[in-house]
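Scroll down for the structure; my scribbles are underneath it.
The values are calculated or read from the model by the stated rules, or taken from the named source; none is laboratory data. Computed from a prediction, not measured in an experiment: that's the story for all the values here. Every residue, glycine as well, gets a Cβ built from its backbone with ideal geometry; the counts of neighbours run over all protein chains shown. To get the accessible areas, we keep the full protein, side chains included, count just its heavy atoms, and leave off ligands, DNA and RNA. Shrake-Rupley method; radii C 1.70, N 1.55, O 1.52, S 1.80 Å.
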Amino acid sequence: LLEAASDFASYPGFQNDASAKQFLDRYPLTVLFGVLQTKADVPGLEDTVVACLDRIFRTKYGASLLTNYAPFIQAGLQANSETVRCLACKAVSYILQNVQIIVIYPLLINCLLEGNEQTSNASLGAITNIAQAPEGISIIFPNVAARSSSLARIRILALIAKLFSLSSSVATAVYNSNLLNLFEIEINDKHDMLTTLSALELLYELVSSPHSSSFVLKTTLLQLLTDIISNSVDSILRSRAVLISGRLLSSITALLFAIDGRLQNTDECESVLEALGLIGATNQGAALVLTVVARHVFESAFDRQSRGTQLAALHALGSICGVDRPQLDDKAEECLRRFIYATAASSPKLTPSGLLLSVLQQEPELRLAGYRLISALVARSWCLMAVCSKQEIITIVTDEDTKNGMEARHQCCTAISKALSASNLLHDGPIAEIAGKLQEAVRRGPYLAKKEAQPLVITADRF
């Protein structure tokens, strides 16, 4: 048997169903399993028989026979021999549809967490296969985080990373089971740098999944990575955090393209624009939106075909331009300027000032969004010149007395006045006149008081 098993295991070519059947006709599985259970003191016997069985189980014929030997597999998962346990883990993968997962799974977890590297990897493969079965997901996740040793936790993280890449449904189950929190705990642990580094390595693997960003961004992991990049004294940890962040940003870019694609669906358009505005509320987010998916935002902001869409786009654009935020980096600023001019050139208004005036001439709610947008844009000298070149814009901003949006109008007026005061344009006569008109409007306040209130003393009426 030892000689025949050695020849079968070491055969250099492909072992097919016929060769497997021929071997098992001579040495049935009961005989081979019996040899492994007897623990005969023959050098190399166990390794040779296990290698032979592994090649047999890889054939369809061999795997089909395993369905009748589930008790042997269960016993193998509990064997003292790592070689036998590893083989049993592989056998589970071959006959997954025909074994009782709920019985086998705890034994696989033991192999994953307590076995040597080969046994752990084989168990990982079997558990991964279980996770792809509908009933497998519900079995795995309540139990997977039950161990607490350092090695066990890292192996659990490896399992999570592996499962996360299988499909969006499995990734959703991982997230809903709060298992990503295990990465947060390990990375946040400052007492064991090797464990932290191992957790970062596995997180790097996890974020390579195309659907990782939509889940990871809901956790504190991005903030942890930011803290490591900014504050860690260890260059290895910082480098790994930078690489993970790069992969996440790559995923985020794909996510932005997916969001941008939903702008074609009118039922979802307003929600998508609001989402892009939220992303653009920070400098980093705004730069990302401007360099990836901003074109539809600009087009929608000045398109009168849908009032709701235009309103959402104007507010999103105001957030991206930054009402209460410093200007963007040079690349993002150039993208912003180019988009404004391109949108104007393709419209009947032809110029940025014409676009902005057209918004201010619409109904109060859209006009309010227009005031907010102009307040953000005039921090740029090119837009400040465009606004000041259009007397109608200055007239509306300084003299409009309708009730709705008076505070927004006053904030816009203040923003233009402040931008002019910081510029070198005041030496120009017409601009200086505009600046004076704006300063007067700012002084009069949101509700355009005609003059300062004066106390009035009168004699009391007598009866």
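Things worth noting here:
- Helical runs (DSSP H, four residues minimum) scored at -39500 (n - 2.57) apiece and divided by the length of the chain put the mean residue ellipticity at 222 nm at -21500 deg cm²/dmol.
- The residues of segment 145-263 expose, per residue, 47 Å² of accessible area to a 1.4 Å probe.
- Gyration tensor verdict on segment 145-263 (Cα atoms; rounded if a/c is under 1.5, prolate if a/b is larger than b/c, oblate otherwise): oblate
- Those aspartates and glutamates that a straight Cα-Cα span of less than 14 Å connects to LYS418, excepting residues fewer than 8 apart in one chain: ASP324, GLU440
- In summary, the aspartates and glutamates within cross-link reach of LYS349, defined as a Cα separation below 15 angstrom excluding same-chain residues under 8 places away, comprise GLU299, ASP303, GLU392.
- The residue list VAL442, LEU336, ALA287 was ranked by how far each Cα lies along the charge dipole of the chain toward its positive end, using unit charges on Cβ atoms, and VAL442 comes out on top.
- Dipole moment magnitude, nearest 20 debye, the chain about Cα centre, only Lys, Arg, Asp, Glu C-beta charged: 760
- Packing-based order for 165-171, 411-417, using average beta carbon neighbours within 10 Å, highest first: 411-417, 165-171
- Three-way shape call for the chain based on the alpha-carbon gyration tensor, with the a/c threshold at 1.5: prolate
- With 28 Å as the limit on Cα-Cα distance, the pairs of LYS90/LYS162; LYS162/LYS190; LYS331/LYS437 that go past it are LYS331/LYS437.
- Calculated diffusion of segment 204-329, Stokes-Einstein form, Kirkwood radius summed over Cα pairs, 4 °C and 1.567 mPa s, µm²/s: 83
- Candidate aspartates and glutamates - alpha carbon under 20 Å from LYS21, same-chain residues fewer than 8 apart omitted: GLU3, ASP7, ASP54
- Solvent-accessible area per residue, Å², over segment 1-139 with all protein chains present [probe radius 1.4 Å]: 50
- Loop chymotrypsin sites (Phe, Trp or Tyr not before Pro), segment 146-191, which have at most 15 other Cβ atoms in a 10 Å radius of their Cβ (DSSP): none
- Taking every alpha-carbon pair in segment 1-139 and binning the separations at 5 Å intervals from zero gives 2, 11, 21, 22, 21, 14, 7, 2, 1 percent.
- Estimated at 0.36 nm per residue, the fully extended path between ASP192 and GLN361 surpasses their Cα-Cα distance by 54.6 nm.
- Here the peptides 49-56, 13-20, 307-314 are ranked by packing, the mean other Cβ count within 10 Å, and the order with the highest first is 49-56, 307-314, 13-20.
- Extension gain, ASN178 to LEU2, is 58.4 nm, computed as 0.36 nm per intervening residue step minus the present C-alpha separation.
- Only Cα pairs under 8 Å and 6+ residues apart enter the sum, and on that basis the relative contact order of the chain stands at 6 percent.
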